[in-house]
Amino acid sequence: MKKVAILMGSDSDLPIVSKAMDTLASFGVPYEAHVYSAHRTPAQAQSFTASARDCGFGVIICAAGMAAHLAGAAAANTTLPVIGIPMKSSNLGGMEALLSTVQMPSGIPVATVAIDGAVNAALLAVEMLAISDDLLAEKLAAYRAEATRKVLDKNAAVEAKYNI
Ligand code: RP5
């Protein structure tokens with residue numbers, strides 16, 4: 001199976017990014033995580049993303065906050081699919097990272113998830129790998145069914161308590 005690369009601009013992103021790691025692990029999807037910054041360590045970020053396909057990766061997830069250029073810079077160096085996670089900040093709330101990540105020019109796509117949307121970034125990566133992996137597709141279907149069951153259980157509890 002192809003690996004997922006998880007890049008984050010800072011180790012301060014880890015509390016959110018670890019949710020992507022946990023989600024990938026729950027599907028048995030191999031991943032590597034690295035702290036590479038488009039601004040602070042541009043050479044390392046460039047080198048990693050340019051060689052990612054040859055190194056066995058199938059998808060790259062990039063989490064970055066503030067003037068978030070990591071996902072766009074990664075996408076510029078590879079034709080692997082890149083998923084961007086805009087990180088919430090204390091000053092502008094992540095809107096700056098959202099706009100920096102989502103507003104890519106034509107030709108260099110980044111699939112941008114919600115601010116701090118690490119779980120969905122991982123699920124999207126799993127869905128991409130599941131295009132050519134039937135077992136992974138079955139795991140995704142089971143995950144959805146379980147999520148549906150949990151909501152229906154909550155609905156049943158609310159209906160039982162409040163509907164007279
Ligand atoms: C971004 O700047 C990082 O992705 C992080 O979200 C933000 C702040 O980084 P630190 O100053 O906490 O290292 O590059």
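The values are calculated or read from the model by the stated rules, or taken from the named source; none is laboratory data. Treat the numbers as computed from the prediction; the structure is a model and nothing was measured. Here Cβ is always computed from backbone atoms with ideal geometry, including for glycine, and neighbour counts include all displayed protein chains.
Please pick out the residue among A130, A97, A141 that is aliphatic (A, V, I, L, M) and in contact with a Leu (Cβ under 6 Å, 6 or more places away or on another chain). Before you say what the answer is, go through the steps one by one.
Working: A97 fails: in contact with a Leu (Cβ under 6 Å, 6 or more places away or on another chain); A141 fails: in contact with a Leu (Cβ under 6 Å, 6 or more places away or on another chain).
Every option except A130 fails the conditions.
Within this structure, D22 fails the test of being outside any loop (DSSP other than H, G, I, E, B), of a type in the set (D, E) and within 20 Å of A74 (Cα to Cα). Checking the structure you have, find out if any residue of the stretch 111-120 is at pLDDT 95 or above, loosely packed, with under 15 Cβ neighbours inside 10 Å and assigned to a helix (DSSP H, G or I). Within the stretch 111-120, not a single residue is at pLDDT 95 or above, loosely packed, with under 15 Cβ neighbours inside 10 Å and assigned to a helix (DSSP H, G or I). With respect to the conditions (1) β-branched (V, I, T); (2) closer than 21 Å to S100 by Cα; (3) away from the ligand (no atom under 14 Å from the Cβ); (4) out of contact with any Ser or Thr (no Cβ under 6 Å at 6 or more places or on another chain), V4 falls short on a single one, namely (2). For the stretch 79-102: of the residues being among the polar types (S, T, N, Q) and crowded, with 18+ Cβ neighbours inside 10 Å, which is nearest to A125 (Cα to Cα)? Here the answer is T101. The residues on offer are S10, S51, and the sole one that is more than 21 Å from M87 (Cβ to Cβ) and surrounded by fewer than 21 Cβ atoms within 10 Å (Cβ to Cβ) is S51.
Residues considered: V17, V59, V4, V29. Of these, the only one that is in a loop (DSSP other than H, G, I, E, B), surrounded by 22 or more Cβ atoms within 10 Å (Cβ to Cβ) and in contact (Cβ under 8 Å) with a residue 12 or more places away in the chain is V29.
Let me confirm something: among A73, A68, A64, which residue is aliphatic (A, V, I, L, M), within 13 Å of the ligand (Cβ to nearest atom), surrounded by 24 or more Cβ atoms within 10 Å (Cβ to Cβ) and outside any strand (DSSP E or B)? Quick ask: steps written out before the conclusion?
Values: A73 fails: surrounded by 24 or more Cβ atoms within 10 Å (Cβ to Cβ); A64 fails: outside any strand (DSSP E or B).
A68 is the lone residue from the list that is aliphatic (A, V, I, L, M), within 13 Å of the ligand (Cβ to nearest atom), surrounded by 24 or more Cβ atoms within 10 Å (Cβ to Cβ) and outside any strand (DSSP E or B).
Just the residues that are of a type in the set (A, V, I, L, M, F, W, C), under 16 Å from the mean Cα position of the chain (by Cα) and either under 17 Å from T101 (Cα atoms) or more than 10 Å from the ligand (Cβ to nearest atom) (or both), please, taken from the stretch 15-49. Within the stretch 15-49, I16, V17, A20, M21, L24, A25, F27, V29, A33 meet the criteria.
Restricting D116, D133 to those that are closer than 21 Å to M21 by Cα, among the charged types (D, E, K, R), out of contact with any Asp or Glu (no Cβ under 8 Å at 6 or more places or on another chain) and within 14 Å of the ligand (Cβ to nearest atom) reduces the list to D116.
If a residue has to be on the phi < 0 side of the Ramachandran plot and either in a helix (DSSP H, G or I) or of a type outside the set (A, V, I, L, M, F, W, C) (or both) to count, how many in the stretch 76-110 make the cut? Even if it seems obvious, please write down each step before you answer.
Of all residues in the stretch 76-110, those on the phi < 0 side of the Ramachandran plot come to 76-92, 95-106, 108-110.
Adding the requirement that they be either in a helix (DSSP H, G or I) or of a type outside the set (A, V, I, L, M, F, W, C) (or both) leaves 76-79, 81, 84, 86, 88-91, 95-103, 105-106, 109.
Adding up the residues that qualify gives 23.
Taking first residues from the stretch 133-155 that are under 23 Å from G58 (Cα atoms) and part of a helix (DSSP H, G or I) and partners that are of a type in the set (S, T, Y) and at pLDDT 95 or above, the Cβ contacts under 9 Å between residues at least 6 apart in sequence or on separate chains come to K139/S26; Y143/S26.
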